[in-house]
Amino acid sequence: AIVQAIGFALRTGLAESRHNRAAGVPWIQIIFQVGTPDYAIKAILEQSILAVDGVLGVKLDTPALDRAARVLTVTGSATTVDGDVTIAVSVEV
């Protein structure tokens, strides 16, 4: 369930949820903007994953970003209350 929640959190764009406009990843607002450095993208994604209930820690690889195709692939691992899990999510905006 936690892995599904991580995938859902990463696939939800900022202000996309009608229940919480402050929730979501700022895909269009920050991540896919020209000039956003990889370390900032990684930090934003790590914070989004850490906000998921049950996640205790996260270690992401450098995100693979294709701005032209508007696709970002996130890989890494997370420590959860249920143990360690692998993260492998591609997000197309």
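The values are calculated or read from the model by the stated rules, or taken from the named source; none is laboratory data. Keep in mind that this is a model prediction, so the values were computed, not measured. Quick reminder, even Gly has a Cβ in these numbers, built from the backbone with ideal geometry, and neighbours come from all protein chains shown. In case anyone asks, the SASA skips ligands and DNA or RNA and just uses the protein heavy atoms, side chains included. Shrake-Rupley method; radii C 1.70, N 1.55, O 1.52, S 1.80 Å.
In a shell of Cβ-Cβ distance under 13 Å around I87, excluding I87 itself, what net charge do Lys and Arg (+1) and Asp and Glu (-1) give?
0
Give me the 1.4 Å probe accessible area per residue for the chain, excluding ligands and nucleic acids, in Å².
Solvent-accessible surface per residue comes out at 60 Å².
Rounded if a/c is under 1.5, else prolate if a/b beats b/c, else oblate: with a ≥ b ≥ c from the C-alpha gyration tensor eigenvalues square-rooted, which is the chain?
Here the chain falls in the oblate category.
Within the range 1-79, list the trypsin sites (Lys or Arg not before Pro) lying in a DSSP loop whose Cβ has at most 10 other Cβ atoms in a 10 Å radius.
Answer in residue order: R18, R21.
What is the gain in length, in nm to one decimal, between A40 and N20 on full extension, counting 0.36 nm per residue of separation less the C-alpha to C-alpha distance?
4.9 nm
Using only the alpha-carbon atoms, how far is helix 2-11 inclined from the longest principal axis of the chain? Give it as 0 to 90 degrees, nearest 10.
Value to nearest ten degrees: 10.
Within the chain, what whole-number % of the accessible surface is contributed by carbon and sulfur, with the 1.4 Å probe and all protein chains included in the calculation?
Ligands and nucleic acids excluded, carbon and sulfur reach 53 percent.
Taking Cα pairs under 8 Å and at least six residues apart, what relative contact order does the range 1-59 come out at, in percent?
32 percent
Take every DSSP beta bridge whose two residues both sit in the chain, then give the antiparallel share in percent to the nearest 5.
Percentage antiparallel, nearest 5: 95.
Residues with amide H under 5 Å of T12's amide H, sequence separation 5 or more or different chain, H placed in the peptide plane at 1.01 Å from N; which?
V25
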